[in-house]
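The values are calculated or read from the model by the stated rules, or taken from the named source; none is laboratory data. Note that the structure is a prediction, hence the values are computed from the model and not measured. Cβ placement follows ideal geometry from the backbone for every residue including glycine, while neighbour counts extend to all protein chains displayed.
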Amino acid sequence: MNRLALKIKEARQKAKMSEKELAKKCGLSVGYIIQVESGKKVINEKAAENILKVLGAKVEFLGEEAFGEEKTSKSKVEKPQAPKKEEFYTIQPTEQWADALANIIKKFPIYEVESNKIVGYKELPVLNKKIDGYHWDKILFVKSNNNELEALRIKKEDILMICRTNEIHNNSIYLLEVNQKRIIRQLRKEANNKVSLLTGAKGLEATVMDLNKIKLIGKCVKVEFEL
């Protein structure tokens, strides 16, 4: 029996009041009063004060130990735990993963424009056989090796996404081959089956060539650059 239960029982007996009478005056059940006095029922401090007032007993602070072990254990404040440090794991894909992803992720070589040597790779997701709206098997990537097209916002080291095509749309930028040398130029059709090759630089005249003397590889549809 805890101290609070003993105090209530002693106060009731001193007041020469039965459990039933006390329960009636407090608006409680007899069973509740019996459980409280036996220490089987843990009550809060306010409820205890109300019972003691009915008994005419002096109300005083009894401390948490008066409510018994159950009350004390419930009133303990748990110390906040330090947040767990996030851990990252490197997962090596299995052969089955690789086979499954082969139909989703495609690995594309990046070619240096002038030398046509592979200087890197890009792995991109293919959705419905397309990348950014273009069929994946018509896509290739090249890396600019100079600043000739700076006026067209293409600088050295930029990566260009090329879509293979044989059609020329005026003022679009293309990867082409002239005299067995690959270059990137803005193209514009002229009369008499001629085509102008431009760099976009002000004051620099366009190079005009016969269309049959250039080999069109593809149209530049996207440019990537590093900050």
Discussion item. Among the residues that make up the range 169-178, is at least one of them over 12 Å from Val113 (Cα atoms) and assigned to a helix (DSSP H, G or I)?
Written reply: no
Fill in: Answer from Leu101, Leu28 - the residue that is surrounded by 12 or more Cβ atoms within 10 Å (Cβ to Cβ), in contact with a Leu (Cβ under 9 Å, 6 or more places away or on another chain) and either modelled with pLDDT under 85 or of a type outside the set (S, T, N, Q) (or both)
Leu28
Item to complete: Name the residue, out of Ile214, Ile184, that is in the same structural domain as Lys155 (by TED's automatic domain parsing), under 42 Å from the mean Cα position of the chain (by Cα) and closer than 23 Å to Ile139 by Cβ.
Response: Ile184
Worksheet item: List, please: which pairs have Cβ atoms under 8 Å, are six or more places apart or on different chains, and start with a residue in the range 151-178 that is within 21 Å of Ala206 (Cα to Cα) and without any contact (Cβ under 8 Å) to a residue 60 or more places away in the chain and end with one that is outside any loop (DSSP other than H, G, I, E, B) and among the acidic types (Asp, Glu)?
Response: none
Response to the item:
Counting only residues in the range 34-50 that are within 57 Å of the chain's Cα centre (by Cα) and of a type in the set (Val, Ile, Thr), the one surrounded by the fewest Cβ atoms within 10 Å (Cβ to Cβ) is identified as Val42
